[in-house]
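The values are calculated or read from the model by the stated rules, or taken from the named source; none is laboratory data. Everything quoted here is computed from the prediction, not taken from an experiment. Here the Cβ positions follow ideal geometry from the backbone for every residue, glycine too, while neighbour counts run over all protein chains shown. Accessible surface areas use protein heavy atoms only, side chains included; no ligands, DNA or RNA. Shrake-Rupley method; radii C 1.70, N 1.55, O 1.52, S 1.80 Å.
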Amino acid sequence: MDDTQAGPPPAGPLSGYTVGVTAARRADELIALLRRRGAVVLHAPALRIVPLADDSELLAATKELIGCAPDAVVATTAIGFRGWIEAADGWGIGEELLTRLRATELLARGPKVKGAIRAAGLVETWSPKSESLAEVLDRLLAGGVAGRRIALQLHGEPLPGFVEALRAGGAEVIVVPVYRWMPPEDVGPLDRLLDAIALGAVDAVSFTSAPAAASLLARAAEREMTEAVLDGLRTGVLAACVGPVTALPLQAQGVMTVQPERFRLGPLVQVLCQELPGRARVLPVGGHRVEIRGHAVLVDEELRPVPPAGMSLLRALARRPGWVVGRAELLRVLPGAGRDEHAVETAMARLRVALGVPKLIQTVVKRGYRLALDAGGESKYAAEPDA
């Protein structure tokens, strides 16, 4: 087969979209999954993991558990559990810790935590199918916790609701702070993502932990742009969260989120592959199928990148397909155009070149421009909301 005769590769489900990634851990894996499906990725770690191998709190909690055995241990994350065992090994008390853990009820929040437990030569007592800490708490409370010593391995931030519920039930709770979430050392990428959200220059933002969502909102508050960022997330920018716990900081601010049924990176990407194309405006124009995506247009399944100014004009025309839109109105949506209507003509010429089919957009002399909507298209799309 002669590759020189082949056309452009087919567009992926995320081609033409820009997705923000706030993850620090496993970010490379998530970014690779997104790019494989065509997305442009804006990576902006919202936090960093700080190991506490030398921290006195972790050492004190570990020695306390070795000295007085707990009745139950709750392991919340694989990286945290592994870090705990590694830190104990470094202090020369790793075997003593493992001996204690073998003799206790060991609850694992999910399959990854189970894997870390078994890699340490231990066996979990129980793990919920939902991967939810709430289900772990329900199991403990249902069995009665009065008088029991329960150790809780934290996953980067305090879990006050979990701890308070156990203590209210009469349990003694020992928290094991293996690592903490901290703001990123370089906030530049995060600031650029916040600016993109506020301007609608990003189509979706992915969140893989509640601390990352909280950190993004905290940085927005520091820059006094909370309302602009929340407005972006409440309107055009899709917030995709790996699970319901991750979504809580956003939902508390009135931001609607989408989540996969399985709390994994692959299903998270699949949700984006369904949601973003599902939001695209599709119109029959000039005998062609035109699908308007974030920063590009599919013309008969061929991806055509379009500059920001051109996308602004095209979206304005698509709000009223087939109707004439005047130059003055188009000038208002053109970023940084000033008052010269000649800027509309220049941007429109570039838009036509970018689309590759100049006749998709018609010039109506002395009035403006319109999309060359196919016959019957008016009734099909008249009731559609603005793109």
- Item | Whole-Hz ³J(HN,Hα) from phi, Karplus 6.51 cos²θ - 1.76 cosθ + 1.60, for segment 224-237, glycine and proline x | 6, 10, 4, 5, 5, 5, 5, 4, x, 6, 7, 10, x, 9
- Query: For the chain, which span is the longest to avoid every loop-located (per DSSP) member of GluC sites (Glu not before Pro) having at most 13 other Cβ atoms inside 10 Å?
  - Reply: 1-184
- Query: Accessible area per residue of segment 203-285 at 1.4 Å probe, in Å²?
  - Reply: 42 Å²
- Within the chain: Cβ-based charge dipole about Cα centre, in debye rounded to nearest 20 (Lys, Arg +1; Asp, Glu -1): 1120 debye
- Message: Modelling each spin label as a point 7 Å along the Cα-to-Cβ direction, I'd like the V364/Q253 distance in nm, to one decimal.
- Response: 4.1 nm
- Item | Residue (of P13, A201, P358) at the positive-pole extreme of the chain, dipole from beta-carbon charges | P358
- For segment 366-374, what does the Karplus curve 6.51 cos²θ - 1.76 cosθ + 1.60, with θ = phi - 60°, yield as ³J(HN,Hα) per residue in whole Hz, taken in order and with x for Gly and Pro? 6, 10, x, 9, 8, 6, 7, 5, 5
- Calculate the translational D of segment 63-109 in whole µm² s⁻¹ from Stokes-Einstein, where the hydrodynamic radius comes from the Kirkwood formula applied to all Cα pairs, the temperature is 20 °C and the viscosity 1.002 mPa s. 197 µm²/s
- Mean-position separation - Cα centroids, segment 185-245 and segment 20-67, in angstrom: 18 Å
- Query: Hey, got the dipole for segment 211-345? About the Cα centre, +1 on K and R Cβ, -1 on D and E Cβ, debye to the nearest 20?
  - Reply: 160 debye
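I need the Kirkwood Rh of segment 219-271: take the reciprocal of the average 1/r across all distinct C-alpha pairs and report it in angstrom.
Taking every pair of different Cα atoms in segment 219-271, averaging 1/r and inverting gives 11.8 Å.
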- Note on the structure: Between the modelled labels at L141 and A349 (7 Å from Cα along Cα→Cβ) the distance in nm is 6.9 nm
- Task: Give the long-range amide H neighbours of A171: residues separated by 5 or more places, or on another chain, with amide H under 5 Å away, using H modelled in the peptide plane at 1.01 Å from N.
- Result: G147
- Query: Counting only residues 5 or more places away or on other chains, whose amide H sits under 5 Å from the amide H of D374 once H atoms are built in the peptide plane?
  - Reply: V285, G286, G287
- Message: Viscosity 0.692 mPa s, temperature 37 °C: give me the Stokes-Einstein translational D for segment 326-378 in µm²/s, with Rh taken as the Kirkwood radius over C-alpha pairs.
- Response: 276 µm²/s
- Sequence-distant residues sharing a close amide H with F207 (under 5 Å, placed H): A240, C241, V242
- Give, in whole angstrom and from largest to smallest, the semi-axes √(5λ) of the equivalent ellipsoid of segment 27-124, with λ running over the eigenvalues of the Cα gyration tensor. 32, 16, 10
- Query: Looking only at segment 64-80, which residues have a backbone nitrogen under 16 Å from a spot 7 Å from the Cα of A119 in the C-beta direction?
  - Reply: 75-80
- Note on the structure: A student applying the Cα gyration tensor rule (rounded when a/c is under 1.5; otherwise prolate if a/b is larger than b/c, oblate if not) would label segment 176-286 oblate
- Vicinal HN-Hα couplings computed from phi for segment 118-128 (Karplus, 6.51 cos²θ - 1.76 cosθ + 1.60; Hz; Gly/Pro x): 6, 5, 8, x, 10, 10, 6, 7, 6, 8, x
- How compact and how long is segment 222-334, expressed as Rg and Dmax of its alpha-carbon atoms in Å? 17.3, 50
- Among A32, L42, P277, which residue has its Cα positioned farthest towards the positive end of the charge dipole of the chain, with +1 placed on the Cβ of Lys and Arg, -1 on the Cβ of Asp and Glu, and the dipole taken about the Cα centre? P277
- 15 Å Cα-Cα reach of K129 towards aspartates and glutamates, excluding residues that sit fewer than 8 places from it in its own chain: D138, E261
- Message: Relative to 2.2 N^0.38 Å, what does the C-alpha radius of gyration of the chain come to as a ratio? Two decimals please.
- Response: 1.26
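How much mean residue ellipticity at 222 nm does the chain get from its helices, if each DSSP H run of length 4 or more adds -39500 (n - 2.57) and you divide by all residues, to the nearest 500 deg cm²/dmol?
The helix contribution divided over the chain gives -13000 deg cm²/dmol.
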- Query: Per the Cauchy relation, a quarter of the hull surface: what is the mean projected area of the convex hull of the alpha carbons in segment 136-193, in nm²?
  - Reply: 5.1 nm²
- What percentage of the solvent-accessible surface of the chain, computed with a 1.4 Å probe over protein heavy atoms, is contributed by carbon and sulfur atoms? 53 percent
- Return the Cα extents of segment 278-327 along principal axes one, two and three, sorted largest first, each rounded to a whole Å. 29, 24, 19
- Query: For labels at S132 and R26 in the simple 7 Å Cα→Cβ model, what's the distance in nm?
  - Reply: 2.0 nm
